[in-house]
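Structure first, then comments.
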Number of protein chains: 2
Amino acid sequence: MKKFRPIDRMSASLPTIRRLPAYLQVVRQAEADGVVVISGTTIAQELELEPIQVRKDLAVTGIIGKPRVGYVVKDLITALEHFLRWDVTHTAVVIGAGHLGTALLGHTEFRKNGLNVIAAFDTDVAKVGKRFHGIEVFSTDELSSYLTTHGVTLVILTIPAHVAQEICTKVIEAGVKAIWNFTSIKLKVPEGQTGVLIQKEDLSSGYAVLSVRA
Amino acid sequence: MKKFRPIDRMSASLPTIRRLPAYLQVVRQAEADGVVVISGTTIAQELELEPIQVRKDLAVTGIIGKPRVGYVVKDLITALEHFLRWDVTHTAVVIGAGHLGTALLGHTEFRKNGLNVIAAFDTDVAKVGKRFHGIEVFSTDELSSYLTTHGVTLVILTIPAHVAQEICTKVIEAGVKAIWNFTSIKLKVPEGQTGVLIQKEDLSSGYAVLSVRA
């Protein structure tokens with residue numbers, strides 16, 4: 001019997017993609033608890049979502065559930081990890097070795113999901129050559145050459161806003177297509193560059209939800 | 001002429017609320033640039049959103065725009081800040097003075113939006129009594145009494161996952177209704193407690209967008 005359908009990552013909506021890690025966490029926990037089959041309804045209850053929403057979201061991964069039974073936990077984990085491309089390595093660097101950058105260097109949870117941070121960069125000469133969580137800090141002067149020679153595919157920006165666009169442009173010119181923007185400003189892709197994705201992490205949205213509703 | 005309509009914060013959707021800080025940032029920048037009136041279309045272009053979306057979102061703040069002209073920048077800032085309740089003080093503490101907690105203590109950008117972090121807490125005796133960015137670290141033993149005596153309305157959790165639910169429960173039992181959850185687990189409100197809002201910041205969603213699309 002077929003377990004998976006072919007997948008089309010480009011057709012999945014951003015909100016769906018953003019929910020998939022939560023599903024994976026629930027299903028991994030179920031596996032750790034010895035659960036073999038899990039229903040969409042159980043996952044929905046755990047995450048306070050509508051069951052129909054969960055089933056539609058999970059369908060993008062190509063998993064085929066059994067009617068009135070649910071999903072084989074092992075297969076669902078495989079499908080989620082494969083769809084998310086968390087079963088392959090993404091070589092990354094952190095630019096800006098301040099508190100937030102250092103916190104992210106120590107965030108080893110991502111490592112099991114394919115995120116392999118191999119270096120940090122900072123303009124502060126006092127930090128260059130030091131190691132945080134085992135990861136060496138290099139001078140920002142070396143950034144462009146490092147990016148092109150080490151197969152870096154993802155850059156994490158934790159630098160001050162006033163230098164963010166300049167560094168972002170440099171990173172894109174070095175061929176990086178995925179930028180995780182933790183700065184406070186919206187970064188722009190320079191004209192003529194295509195296929196670049198900049199994901200902005202904006203803490204002010206989360207704060208807004210709390211300040212409005214609480 | 002009337003500038004504002006009455007507002008109903010509970011009727012605004014979460015996605016709308018989450019977009020409001022970005023609007024505020026654009027409009028504050030416009031004010032800094034000397035702009036007096038700004039159109040919804042201009043804001044939409046800046047944020048790569050549909051103009052109709054921007055106008056609908058801004059309507060929740062009670063602002064009344066002028067047809068074919070736009071919004072008075074000063075009034076729009078007032079309306080956004082008031083709706084977000086960023087014009088009043090939210091007294092907060094950070095629990096967990098690791099790298100991420102320390103990074104958030106230094107994230108002074110939120111201060112101008114009403115977030116006043118007055119203390120940090122940690123179980124590590126080596127950290128207790130120290131100050132990060134001027135904010136003192138207290139022992140977690142003192143947490144409950146501190147929360148009730150200092151009028152803390154918002155708690156920021158940057159603690160390891162295995163102690164997160166226990167601390168969360170303690171914080172809610174001390175009367176806190178707004179919890180900003182930076183841990184990797186989904187926290188639950190204890191039975192019998194009402195009106196508590198837990199906002200989970202999940203970096204894995206942002207990573208998912210990058211790993212899938214890049």
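General observations
- Against the main long axis of the alpha-carbon atoms of chain A, helix A:73-84 sits at an angle near 40°.
- Per-copy distances of the A:Thr194 label point, shortest first, in nm (7 angstrom along Cα→Cβ): 5.7
- Most fluctuating residue given options B:Leu105, B:Leu197, B:Leu157, as computed from a GNM of chain B linking Cα atoms under 10 Å: B:Leu197
- Of all accessible heavy-atom area on region A:57-160, the percent that carbon and sulfur account for (1.4 Å): 54 percent
- Per-residue mean of C-beta atoms belonging to partner chains within 10 Å, peptide A:16-28: 4
- When the Cα gyration tensor is reduced to axis lengths a ≥ b ≥ c, the ratio a/c is 1.5 or higher for region B:47-171, and with a/b above b/c it is classed as prolate.
- Shape of region B:116-214, Cα gyration tensor, a/c cut at 1.5: oblate
- Global form of region B:1-115, assessed from the alpha-carbon gyration tensor, a/c cut-off 1.5: prolate
- Largest GNM mean-square fluctuation among A:Ala92, A:Ala178, A:Ala44, using chain A with Cα springs under 10 Å: A:Ala44.
- On Cα atoms only, tilt of A:14-32 relative to the major axis of chain A in degrees: 70 degrees
- Principal-axis tilt of helix A:203-213 within chain A, Cα atoms, nearest 10 degrees: 50 degrees
- Average accessible surface for chain A: 48 Å² per residue, computed with a 1.4 Å probe over protein heavy atoms with every protein chain in place.
- Diffusion coefficient, µm² s⁻¹, Stokes-Einstein with Kirkwood Rh over alpha-carbon pairs of chain A at 10 °C and 1.306 mPa s: 82 µm²/s
- Residue by residue along A:98-109, Cβ atoms of other protein chains within 10 Å of the local Cβ number 5 on average.
- Chain pair B, A: total accessible area buried, heavy atoms, 1.4 Å probe, Å²: 4900 Å²
The values are calculated or read from the model by the stated rules, or taken from the named source; none is laboratory data. Note that the structure is predicted; figures quoted are calculated from it, not measured. Virtual Cβ from ideal backbone geometry, glycine too; neighbours counted across all protein chains shown. With ligands, DNA and RNA removed, areas are computed over all heavy atoms of the protein, side chains included. Shrake-Rupley method; radii C 1.70, N 1.55, O 1.52, S 1.80 Å.
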